[in-house]
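This report refers to the structure that appears directly beneath it.
Nothing in this text is a laboratory measurement; each read-out follows from the coordinates by a stated rule. Predicted model only: the values in this text are computed from it and were never measured. A quick note on method: Cβ atoms are made from the backbone with ideal geometry, for glycine too, and the neighbour counts reach across all protein chains shown.
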Amino acid sequence: MKHILPYFWLTLFLFSLKGLVAQGQEDFALAQSYYKKEEYRKALVYLEEAQKTSGVGKPLYQLKMDCLLALEDYKEAADWIEENLKEKRFTPVDLYIDLMQVHLMAGEPKKADKDFEQLKKVVERNPNYAYSAGSQLQRSGFPKQALEIYERAEALRGNLNFDYQKALLYGELGNIEKMYEMYVDLLAISPNYLNNIRQLLGRSYQSGGSLVKGDYLKALLIERIQSGGPQTLNQLLVYLFVQEEAYSQAFTQLRALDKRGLLGPTDLYNLGKITFENDALFTAQRIFEYLIQKGSNAPNYEDALYMNLQVKTKQLKEKKSTEEAWADLAREHKEVRDILKGWPKAGQVAIAEAHILGFELGRTDEAIKLLKKTIQTGSTAKEDVALAKIELGDLLLYNGNRWEAILYYGQAEKAFEYSPIGQEAKFKRAKAAYYVGDFQWAQGIFNVLKESTSKLIANDAMQYSLLITDNIALDTNTEAMAMYAKADLLQYQDKIDSSLTVLGLMEIAFLDHPIQDEVLLLKAELLKRKAQFSEAAGYYQSIVDEHPTSILADDALYALAQLYETELMDKERAKAYYEQIFTQHVDSFFANEARKRFRALRGDLIN
């Protein structure tokens, strides 16, 4: 009996405790319910009961604070915080900041100042509280006090560093120059902060289009770089110029630093690539030619030669240049290829040269010979061999050798099955099969490629898959689809008039076939290539009028809007077509761009 009684009382105690905990949870849940109903006094009653049975946890503390503040009972709220401070229930940092806020709400700023003095003493006793205190003060709207806390903690303990946090606070307080100085100091010590700082500055560009006191930051960066600052300062400087699209200024500045030996080996080359990608071609050419002039022993010499050719190719495409200009560029490619003989980049130059020879100059036999030689050259990188085979497949298809083209596409796909190169080869192999009328096999591949990691390939694959699905009848009659594929192949081979003839026959032979919207669209595209813009507009308009529910209706509207804006020079009609897209085709891929173009034509100021 002596041994049984203690266990009995212990069991009874534990059972009672369990009941109290359950009751406390129920009371707290009721308090939450009343709070949501904005019945704050009833909520407080149940919180008192919950406190008696379960004690004070952070959720109960916060809910009681919320109720008291909702009732504007600031005295009771302050007393509640003081009670928790006295009982040492939570981190004093949180409580003193809450107390500061309550006293300010009550219109008692002097008491709030005293609360902050108490908070400073807490941090002075334990500087490890500084980060928590500073970040909470900043979130609570006390940037000046947060800055004071960080500085005090750093003074007390030399190994603490809050430069990043302080820089943000200086910005919040409007001291932009000091913020920039701290960013630069921080980068000089900790290069890993580069991305964070880029993101912070990027938000300013996105919201306002320009950086407040940006010239001060650029001047500061240049000064530090000239004093021997690290490469991350160059990278930030380039980022600023690029955001402002001041590519020429960026080049001028980096070239001056390069001549003083203050740049990294790839800084100028990277700027050239960014400039090229943003179509600032004149400046891009200046950058690559500058790098080429530094000689074959300089970094990025080989890459600069190749990229300079890419710039010139892009320039000719934009100008719709003459055959003579393309011939000159092809000769320049050969000269560069001879310079780079045996170098890794020679293969890419050869592929680019073959493309010009075949597709711009019509010298397909010469282009095919060059590609086969490139494939067989031992120094050509494996990736470039595969790319050369894809280009060779394109030329063979262009020449009418469809089955041989499919063979080369297959070889490239097999060599890099799961890479972007392999996916491109797979797509082109499926497209070649589509051209020869093997629609079922082609569609199977297109369906697989709809999940491609390349958005471009995925979108194109989806379009071809839909084309086949929508236009092959349930009785497996593929005559219309086969005729359309023939016209599509002819346009790929630049046999525009032959393609138009086939499409014209289709308009008569398959008058009621669902493929008619595709026929009209392709005719419009071909007429546009022949610069017959009014006729092209007529066919686009036919899609809108005769096939308003077609998935091509928004494509036709966007093409019409662009034609009237850029070629037919009727801004009002262009504006009307753009408006029709984003009002009647709200889910269209073109909706956002159409809205932007509409606003621009209307004369709106757009950041």
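To the nearest ten degrees, helix 176-189 and the longest principal axis of the Cα atoms of the chain are 80 degrees apart. Applying 0.36 nm per residue to the separation of K110 and R41 and subtracting their alpha-carbon distance, the gain on full extension is 21.9 nm. Note on K144 and L160: the extension gain reaches 3.9 nm, defined as 0.36 nm multiplied by sequence separation minus the Cα-Cα distance.
When you count, for each residue, the other Cβ atoms within 10 Å and take the mean per peptide, how do 148-159, 503-514 rank with the highest first?
Ranking, from highest mean packing down: 148-159, 503-514.
Each residue, A298 and E83, gets one label point 7 Å from its Cα in the Cβ direction; the gap between the two is 7.6 nm.
The range 387-443 and the range 486-502 have Cα centres separated by 19 Å.
With each label modelled as a point 7 angstrom along the Cα→C-beta vector, the V242-I339 pair spans 2.5 nm.
The calculated FRET efficiency for the pair L511 and K178, based on their C-beta separation and a Förster distance of 56 Å, comes to about 0.15.
Mind ranking 281-291, 260-270, 92-102 by how tightly packed they are, going by the mean number of other C-beta atoms within 10 angstrom, highest first?
92-102, 281-291, 260-270
Counting only Cβ charges, +1 for Lys and Arg and -1 for Asp and Glu, the dipole size of the range 510-607 around its Cα centre is about 500 debye.
Put simply, when 338-344, 120-126, 556-562 are sorted by average Cβ atoms within 10 angstrom per residue, most first, you get 556-562, 120-126, 338-344. Using 0.36 nm per residue and subtracting the Cα-Cα separation, the extra length available between I551 and S454 on full extension is 32.7 nm.
Cross-link pairs exceeding 19 Å between alpha carbons, from the set K42/K64; K314/K369; K317/K528: K314/K369. As an exercise, use a Förster radius of 35 Å and the Cβ-Cβ distance of E366 and N278 to find the FRET efficiency, rounded to the nearest 0.05. Between E366 and N278 the formula returns 0.55. Roughly how tilted is helix 496-509, in degrees to the nearest 10 and between 0 and 90, from the longest Cα axis of the chain? Approximately 80 degrees, to the nearest 10. Each part reduced to its alpha carbon centroid, the range 242-277 and the range 96-158 end up 44 Å apart. As a rough footprinting exposure proxy, the listed residues I351, I515, I421 were ranked by other beta carbons within 10 Å of their own, and the order from fewest upward is I515, I421, I351. Dividing the summed -39500 (n - 2.57) terms of all DSSP H runs of n ≥ 4 by the residue count of the chain sets its mean residue ellipticity at 222 nm at -24500 deg cm²/dmol. For T377, T501, the sequence from fewest to most other C-beta atoms within 10 Å is T501, T377. Along the Cα→Cβ direction, 7 angstrom out, place labels at Q231 and R125. What is the inter-label distance in nm? It works out to 4.9 nm between the two label points.
Could you compute the FRET efficiency for S33 and E76, with r as their C-beta to C-beta distance and R0 at 25 Å, rounded to 0.05? For S33 and E76, the calculated efficiency is 0.70. Using only Cα atoms, tell me the angle between helix 346-355 and the longest principal axis of the chain; keep it within 0 to 90° and round to the nearest 10. For 346-355 against the chain, the angle is about 60 degrees.
Just want to confirm a number: the relative contact order over the chain, from Cα pairs under 8 angstrom separated by 6+ residues, in percent. After rounding, I find 4 percent. Neighbour counts of other Cβ atoms within 10 Å put K486, K523 in the fewest-to-most order K486, K523.
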